[in-house]
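Trainee: Quick one: the structure is below, questions incoming.
Nothing in this text is a laboratory measurement; each read-out follows from the coordinates by a stated rule. Nothing here was measured: the structure is a model prediction, and the numbers come from that model. With ideal geometry, Cβ positions are generated from the backbone for all residues, glycine too; neighbour counts draw on all protein chains shown.
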Amino acid sequence: MHGLVRRTSSLNRDRIDGLRDAAKARSLPFELHYGNLIDPLGLQAVIGRVKPSEIYNLASESHVGISFEEPEHSTSVNAVGVLRLLEIMRLTRPECRFYQASTSELFGGLALRPREASPGAARSPECVCTETSPFEPISPYAIAKQYAHAMTAFYRRGYGLHASNGILFNHESPRRGFNFVTRKITATLARIARGADEVLFLGNLDSRRDWGYAPDYVRAMWMITTADVADDYVIATGETRSVREFVERAAAVAGFEIAWEGAGPAEAGYDRATGRRLVAVEPRFFRPLDHSSICGSAAKAKAVLGWEPTVGFGRLVEIMMESDLGRA
Ligand code: G4F
């Protein structure tokens, strides 16, 4: 097993340290190489040295919100970076299989189209996305990812490479970065439960996501890449939950019951038992454009690959919250 890591001024590899131990336990080689998707010569050198049989491109400027602030960098890494990898593969290692981390963000704009709510329904119906749903990216991140998605499909069709796109909806775990909403919620509430004098500041509480468990989705990546025929697959749970629901569930695991008061930017969540303010809305966490209700249908992955998620929303929140309570 070989991994590509960016050079950073301080080491931040705690999330992959477990891989080294797992590889050692199975007597598998494990080696890290410096590299960067914006540096084609470096990529070529690593691929030439390692001679991989499968490449999983999970390298990305993956924060959608930050891509509004660094659109060119997002494009260089998330779009052109993928072209660099594919072209090196085509020229030097065409037998290698390629997995591209494509994303549900490609469908974002579909959620902004007006949809009719059924009579009596509290909100508009969800937009269920499949491999044939139209792409409507609404962030610099998603626009770059659309290019990468199309290039991956092009190298498959045009040059016969075994190159696949996994169109993954949100996938979370205790390894999630702290500036993504799920981990921000569980890590902050855990610190508060352990006595920290903090408030959890969030953006749009009513934003909805189709949240699954990352280990299930990594299994899907492997199933996609090792399938006989390369193809594109949606990987999702098929249901959405709001940021607000995530907060309520996580708070319950930490021993709080949230009572919401106020509206819009003045809304806050209080601990019902003590009246203490635990959650507040902070306008800077809103995005210029965001979507709020798309979910995915993984019917094709189920039918062709036999993939199914094993962990539902409630258990996912428990796993993350219990892990952060342990760390705090
Ligand atoms: O956790 P998020 O930042 O994830 P987002 O934007 O859905 O993207 C993640 O999943 C995609 C699909 O797999 C990936 F392509 C992408 O790379 C990334 O892994 O935000 C989720 C929702 C958004 O609607 C955001 O506006 O939560 C809302 N939100 C509300 N308050 C917040 C916050 N998001 C963040 N990051 N921080 C907040 O305080």
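Trainee: Can you list residues from other chains, or at least 5 along the same chain, whose modelled amide H is less than 5 Å from the amide H of A280?
Mentor: Under 5 Å from the amide H of A280 lie the amide H atoms of L200, F201, L202, G269, each far enough along the sequence or on another chain.
Trainee: While we're on this one: Calculate the radius of gyration of the Cα atoms of the range 165-215 to one decimal place, then report Dmax, the largest Cα-Cα distance, as a whole number, both in Å.
Mentor: My reading of the Cα-based Rg and Dmax gives 12.8, 44 Å.
Trainee: Then there's this: For the chain, what is the calculated [θ] at 222 nm in deg cm²/dmol (nearest 500), taking -39500 (n - 2.57) for each run of four or more DSSP H residues and dividing by its residue count? List each step's numbers first, then the result.
Mentor: Details: 10 runs with 113 residues, N = 328.
That calculation yields -10500 deg cm²/dmol at 222 nm.
Trainee: Any idea what Rg and Dmax come out to for the range 170-328 if you just take the C-alpha atoms, in Å?
Mentor: 17.2, 58
Trainee: Separate question: Compute the signed sum of charges (Lys and Arg +1, Asp and Glu -1) over the other residues within less than 15 Å, Cβ to Cβ, of P288. List each step's numbers first, then the result.
Mentor: Numbers: positive: R284, R287; negative: E69, E70, E105, D290.
Its environment carries a net charge of -2.
Trainee: What residue among I235, I258, I185 shows peak mean-square fluctuation when the chain is described by a Gaussian network model with Cα springs under 10 Å?
Mentor: Maximum among the listed residues: I258.
Trainee: Per q in 0.17 1/Å, what log10 I(q)/I(0) does a Debye calculation on the alpha-carbon atoms of the range 271-322 return?
Mentor: Ignoring solvent entirely, the Cα scatterers give -0.95.
Trainee: Report the net charge of residues surrounding Y270, where surrounding means a beta-carbon distance below 11 angstrom and charges are Lys +1, Arg +1, Asp -1, Glu -1.
Mentor: -1
Trainee: Sticking with this one: Please list, by residue number, every one of the trypsin sites (Lys or Arg not before Pro) in the range 1-103 that is coil in DSSP and has at most 16 other beta-carbon atoms within 10 Å. Write down the numbers at each step before the final one.
Mentor: Numbers: sites: R6, R7, R13, R15, R20, K24, R26, R49, R84, R90, R97; in loops: R6, R7, R13, R15, R26.
Answer in residue order: R6, R7, R13, R15, R26.
Trainee: Taking one equal scatterer on every alpha-carbon of the range 157-258, how large is log10 of I(q)/I(0) by Debye at q = 0.13, 0.21, 0.24 1/Å?
Mentor: Ignoring solvent entirely, the Cα scatterers give -0.58, -1.08, -1.28.
Trainee: Then there is this: One quarter of the convex hull surface, Cα atoms only: what value does that give for the range 118-199 in nm²?
Mentor: If you wrap the Cα atoms of the range 118-199 in a convex hull and average its projections, you get 9.5 nm².
Trainee: Rank T92, A79, I167 by how far each Cα sits towards the positive end of the charge dipole of the chain (+1 on Lys, Arg Cβ; -1 on Asp, Glu Cβ) and give me just the farthest.
Mentor: About the Cα centre, the residue reaching furthest to the positive side is T92.
Trainee: Applying the Karplus parametrisation 6.51 cos²θ - 1.76 cosθ + 1.60 with θ = phi - 60° to the phi angles of the range 158-163, what ³J(HN,Hα) value in whole Hz is obtained for each residue in order, glycine and proline being reported as x?
Mentor: x, 10, x, 5, 7, 10
Trainee: Moving to a separate point now. Write down the percent of antiparallel bridges among all DSSP beta bridges whose residues are both part of the chain, to the nearest 5.
Mentor: Here the share of antiparallel DSSP bridges comes out near 25 percent.
Trainee: Within a Cβ distance under 15 Å of A144, other residues only, what is the Lys/Arg minus Asp/Glu net charge?
Mentor: Its environment carries a net charge of -4.
Trainee: Kindly give the semi-axes, whole Å and largest first, of the ellipsoid equivalent to the range 233-296, taking each as the square root of 5 times a Cα gyration tensor eigenvalue.
Mentor: Equivalent ellipsoid of the range 233-296: 26, 17, 8 Å, largest first.
Trainee: Further, regarding this structure: With +1 on each Lys and Arg Cβ and -1 on each Asp and Glu Cβ, and nothing else charged, work out how big the dipole of the chain is about its Cα centre, in Debye to the nearest 20.
Mentor: On the way: 40 positive and 39 negative charges, 154 e Å.
With only Lys, Arg, Asp and Glu charged at Cβ, the dipole is about 740 debye.
Trainee: Starting from the Cα gyration tensor of the chain, multiply each eigenvalue by 5, take the square root, and state the resulting semi-axes largest first in whole Å.
Mentor: For the chain, the ellipsoid semi-axes come out as 35, 24, 19 Å.
Trainee: In vacuum, with every alpha carbon of the range 186-242 counted as one equal point scatterer, what does the Debye formula give for log10 I(q)/I(0) at q = 0.21, 0.22, 0.30 Å⁻¹? Two decimals, please.
Mentor: -0.90, -0.93, -1.13
Trainee: With unit charges on the beta carbons (Lys and Arg positive, Asp and Glu negative) and the dipole taken about the Cα centre of the range 219-328, which residue among F285, F256, T274 sits farthest to the positive side?
Mentor: T274
Trainee: For the residues S323, S27, S207, S67, what sequence is obtained by ranking on other C-beta atoms within 10 Å, fewest first?
Mentor: S27, S323, S207, S67
Trainee: Still on this model: Pull up the DSSP beta bridges for the range 187-311 and report the antiparallel fraction as a percent, rounded to 5.
Mentor: On the way: 9 of 12 bridges.
Of the beta bridges lying entirely in the range 187-311, close to 75 percent run antiparallel.
Trainee: Residues with amide H under 5 Å of L168's amide H, sequence separation 5 or more or different chain, H placed in the peptide plane at 1.01 Å from N; which?
Mentor: S102, T103, S104, I235
Trainee: A further question on this structure: How many angstrom lie between the Cα centre of the range 18-67 and the Cα centre of the range 218-268?
Mentor: A separation of 27 Å, based on Cα centres.
Trainee: Just the ratio, please: alpha-carbon radius of gyration of the range 1-131 over 2.2 N^0.38 Å, N its number of residues.
Mentor: So the Cα radius of gyration is 1.38 times the expected 2.2 N^0.38 Å.
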